[in-house]
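Below you'll find the structure, written out as structure tokens, and then a few comments.
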Amino acid sequence: MNDVKLMNRAADNIRILAASMVEKAKSGHPGGAMGGADFVNVLFSEFLVYDPKNPLWEGRDRFFLDPGHMSPMLYAVLAMAGRYTIDELKDFRQWGSATPGHPEVNFMRGVENTSGPLGQGHTYAVGAAIAAKFLAARLGEEVMPQTIYAYISDGGIQEEISQGAGRVAGTLGLSNLIMFYDANNVQLSTMVDEVDDENITMKYEAWGWKVISIDGNSVEEIRRALTEAKAEKLRPTLIIGKTVMGKGALGADLSSYENKVSTHGQPLSAAGVSIEETIKNLGGNPEDPFVIFPEVAELYAKRAAELNALMEKHKAVKAAWAEAHPDLAKKMDDWFAGRLPEIDWASIEQKPNQPTRAASAKVLSILAEKVENMICASADLCNSDKTDGFLKKTHAFTKGDFTGAFFQAGVAELTMACICIGMSLHGGVLAACGTFFVFSDYMKPALRMAALMELPVKFIWTHDAFRVGEDGPTHQPVEQEAQVRLLEKIKNHSGKNSMLVLRPADGAEVTVAWKMAMENMSSPTGLIFSRQNVNDLPNHTYQDALASAKGAYILNEDENPEVTLVASGSEVATLVEGAALLRAEGIRLRIVSMPSEGLFRTQSKEYQASIIQPGSKVFGLTAGLSVNMENIVGFNGKVWGLNSFGYSAPFKVLDEKFGFTGQNVYKQVKDLLAE
């Protein structure tokens with residue numbers, strides 16, 4: 001092990017860099033970064049196993065930072081590991097900088113996750129630990145040896161999602177997960193003990209974790225705890241480290257500014273700290289603070305050499321494994337490259353006039369057999385959201401057994417979504433999760449992060465509208481489609497729609513929607529399915545439904561149509577009913593299915609105009625808010641939507657009461673044409 005004085009010197013170097021970054025940017029959070037420096041220094045210089053020459057090595061240990069505001073700490077230690085330059089640290093929080101205020105996922109830089117919303121980051125780590133166990137069960141621990149590390153702060157502990165993450169990790173016995181809790185008793189506006197006096201140790205032990213309490217600024221105790229945690233084979237480990245907020249901070253009169261709320265969320269100088277005296281106290285030069293000390297550079301160069309030697313051993317093990325198991329070697333390569341197996345989508349036979357959730361179950365049963373690296377999850381609803389189509393072909397994860405491919409998340413939609421994000425971040429697996437559409441409300445923070453990170457998680461939402469029926473307005477989605485489709489309108493940092501949202505109209509469109517979802521590897525996908533039976537569209541085949549790839553397409557039309565009828569999902573069949581009544585009176589029309597407005601808007605102007613003719617009469621039908629269709633129908637159009645909460649009653653009664661019938665479509669279109 002390295003000399004303790006040298007290790008303390010390196011931690012002080014991290015403290016100086018972190019404080020200086022915030023000071024130069026005139027923005028940021030220095031105090032926590034200064035307190036946590038000892039742990040990340042020990043972890044990165046002595047324990048974390050990664051390939052310095054190949055940041056994408058599949059078997060690497062992964063470090064998930066939960067409190068993204070502590071990014072100066074992460075950037076500083078990664079600079080010591082050679083992933084960032086001093087100039088990039090100086091550019092902290094600036095336009096176009098490689099060091100944004102909260103870390104944004106960049107595997108090549110060693111940043112395993114985007115972090116900021118507290119509680120999500122360590123939940124991603126739980127997902128990554130599950131993915132690692134899943135892959136080890138299929139490929140072997142010799143090529144999947146990784147440990148998943150997480151770093152959590154008081155805020156992450158307090159966020160409700162920590163309940164779900166802690167429960168799941170303990171229930172599944174994720175022994176490959178080690179989490180450090182930076183317990184500094186200071187948060188942004190108060191001391192922690194003013195708002196939270198629970199017994200963290202007892203809480204995590206109750207969930208089945210091993211808990212170790214240490215001095216979080218002691219090199220020897222951090223080493224001991226990490227060594228003990230690495231030896232644990234049955235449980236996840238929580239290391240509670242009592243640390244010092246703003247460690248080393250001094251005022252101009254050399255008085256201590258440690259353990260103060262004021263140093264949490266602003267430059268030290270704004271808190272009354274003397275940045276000059278603080279840097280001197282930590283062994284640096286206030287005139288030139290952006291420096292990696294020579295002895296610290298040597299420490300990390302030594303670690304890089306150790307890791308390079310270790311990588312040669314891992315490469316030899318992998319080569320021997322690949323020679324002995326060429327089939328597994330190909331799978332591993334395909335899985336981490338995101339390559340799908342061949343799937344004969346056209347051969348999938350759907351039953352007629354079924355709920356689209358049932359059509360989804362049929363596809364999931366195929367995917368469970370064909371896509372060996374797919375994990376499907378449900379929030380205690382698999383027999384209702386029909387993800388059991390997948391489950392019936394496999395079995396659920398249990399403690400000590402990850403040979404199955406189904407994750408029973410329990411009643412915890414946000415936790416489930418973040419765990420699936422973590423699986424995706426880990427790589428090598430494709431994650432999907434299901435629940436009722438109304439409960440997408442619980443998932444919104446995770447959806448945004450999946451979209452921001454451009455992760456191909458598949459979100460399955462059933463019971464898509466008021467036709468949930470007797471369960472009443474608490475379970476009947478109204479505004480949810482509008483909310484989710486906003487993510488179709490936001491561009492990600494690659495300039496593309498940040499999410500693909502698909503609401504298919506019948507079994508054929510469901511098959512195509514799943515095809516599109518599985519082939520979409522650059523953003524999350526939302527799939528919205530019905531609870532109730534939906535009539536198949538007339539003379540509509542899988543080949544016809546392939547036109548969904550453009551977001552909207554013409555189902556059928558008359559010559560020189562007077563009006564265009566447009567909808568998605570269940571409402572398309574209702575348009576068909578109304579169209580029959582209109583055509584019986586000689587009204588010429590066009591019917592358009594629009595499973596994804598966001599995708600439709602990415603098509604050429606010419607294509608969009610060929611589907612929705614500019615200036616024409618357009619009628620839109622949506623079981624959600626009218627705003628779902630207002631942008632489509634334009635000023636010359638009309639929307640029939642649901643602009644109030646629903647009521648408890650059988651869905652066919654609600655169809656009549658709310659006007660979602662062919663007869664009302666007939667009436668509304670006649671009125672539109674008479675205007």
Item checked: Stokes-Einstein translational diffusion, the stretch 517-621 - Kirkwood Rh over all Cα pairs, 1.002 mPa s, 20 °C, in µm²/s -> 146
Notebook entry, point to check: Classify the stretch 344-500: rounded, prolate or oblate, from the alpha-carbon gyration tensor (a ≥ b ≥ c, eigenvalue square roots; a/c under 1.5 rounded; otherwise prolate if a/b is larger than b/c)?
Noted result: rounded
Next item on the list: Any chance you could check the Cα centroid distance between the stretch 554-610 and the stretch 251-310 for me, in angstrom?
Entry: 64
Check: Rounded to a whole number of µm²/s, how large is the Stokes-Einstein D of the stretch 280-357 at 37 °C and 0.692 mPa s, given Rh as the Kirkwood radius over C-alpha pairs?
Finding: 175
Note to self: Which residues among the stretch 357-393 fall inside the zone where the amide N is under 15 Å from a point 7 Å beyond the Cα of Asp401, along Cα→Cβ?
What the structure shows: 392-393
Next item on the list: Compute the length gained on full extension between Glu142 and Ser610: take 0.36 nm times their separation in residues and subtract their Cα-Cα distance, giving the result in nm to one decimal.
Entry: 162.9 nm
Notebook entry, point to check: Rounded to the nearest 0.05, what FRET efficiency do Ala337 and Glu198 have when you use their Cβ-Cβ distance and R0 = 56 Å?
Noted result: 0.80
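What is the gain in length, in nm to one decimal, between Ala206 and Ser648 on full extension, counting 0.36 nm per residue of separation less the C-alpha to C-alpha distance?
155.1 nm
Per DSSP helix of 4 or more residues, -39500 (n - 2.57); summed, then divided by the residues of the chain. What does that give at 222 nm, rounded to the nearest 500?
Working: 25 runs with 284 residues, N = 675.
Calculated at 222 nm, the ellipticity per residue is -13000 deg cm²/dmol.
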Next item on the list: Take Arg60, Arg357, Arg531 and sort them by solvent-accessible surface of the protein heavy atoms, 1.4 Å probe, largest at the top.
Entry: Arg531, Arg357, Arg60
Notebook entry, point to check: How many nm separate the modelled label positions at Trp95 and His325, each set 7 Å beyond the Cα in the direction of the Cβ?
Noted result: 5.1
Next item on the list: Would you mind estimating how fast the stretch 1-89 diffuses translationally, via Stokes-Einstein at 37 °C and 0.692 mPa s with the Kirkwood radius over Cα pairs, in µm²/s?
Entry: 243
Check: How far apart, in nm, are the 7 Å Cα→Cβ label points at Met521 and Leu234?
Finding: 4.1
Check: Excluding ligands and nucleic acids, what accessible area in Å² is computed for Val627 using a 1.4 Å probe, to the nearest 10?
Finding: 80
Next item on the list: Compute the length gained on full extension between Met108 and Glu276: take 0.36 nm times their separation in residues and subtract their Cα-Cα distance, giving the result in nm to one decimal.
Entry: 57.1 nm
Next item on the list: Report, to the nearest 10°, how far helix 662-674 tilts away from the longest principal axis of the Cα atoms in the chain, using its own Cα long axis and a range of 0 to 90°.
Entry: 80
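Please compute the contact order of the stretch 240-329 in relative form: average sequence separation of alpha-carbon pairs under 8 Å and at least six residues apart, divided by the residue count, as a percent. Show your work: numbers first, answer last.
Numbers: 66 pairs, mean separation 16.1, N = 90.
Value for the stretch 240-329: 18 percent.
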Next item on the list: For the stretch 296-341, restrict the atom set to alpha-carbon positions and state the Rg and Dmax in Å.
Entry: 15.4, 47
Next item on the list: Could you go through the stretch 302-308 in sequence order and give the Karplus-derived ³J(HN,Hα) for each residue, using 6.51 cos²θ - 1.76 cosθ + 1.60 with θ = phi - 60°, rounded to whole Hz, and x for Gly and Pro?
Entry: 4, 5, 4, 5, 4, 5, 4
Check: Which distance in Å, rounded to a whole number, links the C-alpha centroids of the stretch 611-626 and the stretch 191-230?
Finding: 57
Item checked: Area accessible to solvent at Thr398, 1.4 Å probe radius, in Å² -> 70
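Past the 17 angstrom mark, what percentage of all C-alpha to C-alpha distances in the stretch 603-675 do you count? Spell out each step's value before the answer.
On the way: 1354 of 2628 pairs.
Value for the stretch 603-675 (Cα pairs over 17 Å): 52 percent.
Please say if the stretch 222-367 is rounded, prolate or oblate, where rounded means a/c under 1.5 for a ≥ b ≥ c the square roots of the C-alpha gyration tensor eigenvalues, and otherwise the choice is prolate for a/b larger than b/c and oblate otherwise?
Numbers: a/c = 3.09, a/b = 1.89, b/c = 1.63.
Prolate, since a/c reaches 1.5 and a/b exceeds b/c.
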Next item on the list: Quick one: accessible surface of His69, probe radius 1.4 Å, all protein chains present, in square angstrom to the nearest 10.
Entry: 30
Check: Once both labels are modelled 7 Å past Cα along the beta-carbon direction, what's the Asn185-Phe290 spacing in nm?
Finding: 3.6
Check: So, in Å, what gap is there between the alpha-carbon centers of the stretch 366-388 and the stretch 393-453?
Finding: 11
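Over all directions, average the projected area of the Cα convex hull of the stretch 491-572 and note it in nm². Walk me through the numbers before you get to the answer.
Numbers: hull surface 26.5 nm².
Mean projected area of the Cα convex hull: 6.6 nm².
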Next item on the list: Over all alpha-carbon pairs of the stretch 545-588, lay out the pair-distance distribution in 10 Å bins, whole %, shortest bin first.
Entry: 23, 55, 21, 1
Checklist line | Listed values (1) 1.41; (2) 1.06; (3) 1.60, entry calculated as Cα Rg over 2.2 N^0.38 Å | finding: (2)
Note to self: Taking the 0 to 90 degree range and rounding to the nearest ten, how far is the long axis of helix 507-519 tilted relative to the main principal axis of the chain, both from C-alpha atoms?
What the structure shows: 20
Item checked: Nearest 10 degrees, 0 to 90: helix 219-231 Cα axis against the chain principal axis -> 50
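The values are calculated or read from the model by the stated rules, or taken from the named source; none is laboratory data. Predicted model only: the values in this text are computed from it and were never measured. Please note: Cβ atoms are built from the backbone with ideal geometry, for glycine as well, and neighbour counts cover all protein chains shown. Calculation scope for accessible area: heavy atoms of the full protein, side chains included, ligands and nucleic acids excluded. Shrake-Rupley method; radii C 1.70, N 1.55, O 1.52, S 1.80 Å.
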